[in-house]
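In what follows, a single structure is set out as structure tokens and then discussed.
Rule-based calculations on the coordinates, nothing more; no lab input. Note that the coordinates shown come from a computational prediction; the quantities given were computed from them, not determined experimentally. Ideal geometry is used to build each Cβ from the backbone, glycine not excepted, and the neighbour counts take in all protein chains shown.
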Amino acid sequence: MTLSEVTLQHSRDLSALDAERRSALEHVDADRREALHALAAARPALTAFDAACADAATARGNALAQSANAFDAAQEDARNARAADLIAVQQRYLAADRESDGTKAGALQKAEADYQSRLDDISRTIALDKQFAAREAAFDARRKADAAAEAAWLDALQASRDRQQEDLQSTLDKERRQVDQAAQKRAAAQNASDLVYAQALRLARTRLTAALAAVPEAANVQARFDARRDEVERDFQRREEQLFDAFREALSRVST
């Protein structure tokens with residue numbers, strides 16, 4: 001096996017072992033609760049603990065739902081704003097194109113008018129034998145004016161397209177920023193709800209421990225299951241050390 005394969009397998013083995021450990025401890029805790037519930041004197045404290053845990057879970061669920069709803073609403077607002085901005089961009093783009101077209105048409109009309117005026121002048125003021133050269137010069141001047149109008153039109157169109165692309169990118173960036181900000185708010189709200197939930201559970205456990213301390217029969221149950229938890233922890237610690245020994249052995253074979 002390669003180094004990456006050995007490392008990946010070790011990571012998978014550790015993850016599987018950790019999942020097995022959590023499951024084993026959950027079974028111990030479930031058996032503990034069942035044994036404690038069998039004690040009539042301990043039931044009020046356990047009922048209060050279960051109710052506190054349920055209330056904490058409900059509050060956390062409501063907070064998470066609110067943050068998710070706020071995020072969804074922010075996403076919808078960002079999408080709607082983007083759609084409106086894109087329509088505005090398109091309208092500006094079309095208006096700029098119409099303006100460019102109008103400017104080009106005006107320049108061509110002026111070039112044609114200047115050309116016709118020059119032809120009239122040539123007919124009236126220049127000797128017949130010299131009119132051909134003058135007409136050629138007039139036509140060349142008109143051709144250059146047409147070319148200038150065409151070039152100016154193309155430049156305006158390109159500038160309009162460049163502005164459109166910039167506006168489109170700006171609109172998409174704006175939407176992304178809005179969604180990112182909404183996601184950050186959602187994450188902050190979720191972290192806050194998780195913290196409140198964890199604090200509520202700690203308080204509930206503290207109160208449960210204090211209440212059970214007043215129940216003599218519960219002490220024996222607690223001690224018995226604490227010993228079981230310790231045994232499970234020791235067993236999984238031993239198995240984890242074995243995995244690391246096997247990992248180091250596998251690494252040594254890779255290096256050689």
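From the helices alone, meaning DSSP H stretches of at least four residues, give me the mean residue ellipticity at 222 nm for the chain, per-run term -39500 (n - 2.57), in deg cm²/dmol to the nearest 500.
Mean residue ellipticity at 222 nm (helix-derived): -36000 deg cm²/dmol.
Which one, 164, 131, 178, has the greatest fluctuation when you compute a Gaussian network model over the chain with C-alpha springs under 10 angstrom?
Among 164, 131, 178, the largest mean-square fluctuation in the Gaussian network model of the chain belongs to 131.
Report the net charge of residues surrounding residue 167, where surrounding means a beta-carbon distance below 11 angstrom and charges are Lys +1, Arg +1, Asp -1, Glu -1.
0
Once you have the Cα-Cα distance between residue 51 and residue 124, take 0.36 nm times their residue separation minus that, and quote the gain in nm to one decimal.
Length gained between residue 51 and residue 124: 15.4 nm.
With a point put 7 Å past each Cα toward its Cβ, work out how far residue 29 is from residue 139 in nm, to one decimal.
9.7 nm
Note the listed values (i) 1.03; (ii) 1.19; (iii) 2.26, then indicate which one is Cα Rg over 2.2 N^0.38 Å calculated from this particular structure.
Correct label, based on the coordinates given: (iii).
Could you please state, rounded to a whole Å, how far the C-alpha centre of region 1-65 is from the C-alpha centre of region 191-256?
10 Å
Report the residue, chosen from 189, 83, 19, that carries the largest GNM mean-square fluctuation when the chain is represented by alpha-carbon nodes joined by springs under 10 Å.
19
What FRET efficiency comes out for residue 172 versus residue 15 if R0 is 51 angstrom and r is the Cβ-Cβ distance? Round to the nearest 0.05.
0.85
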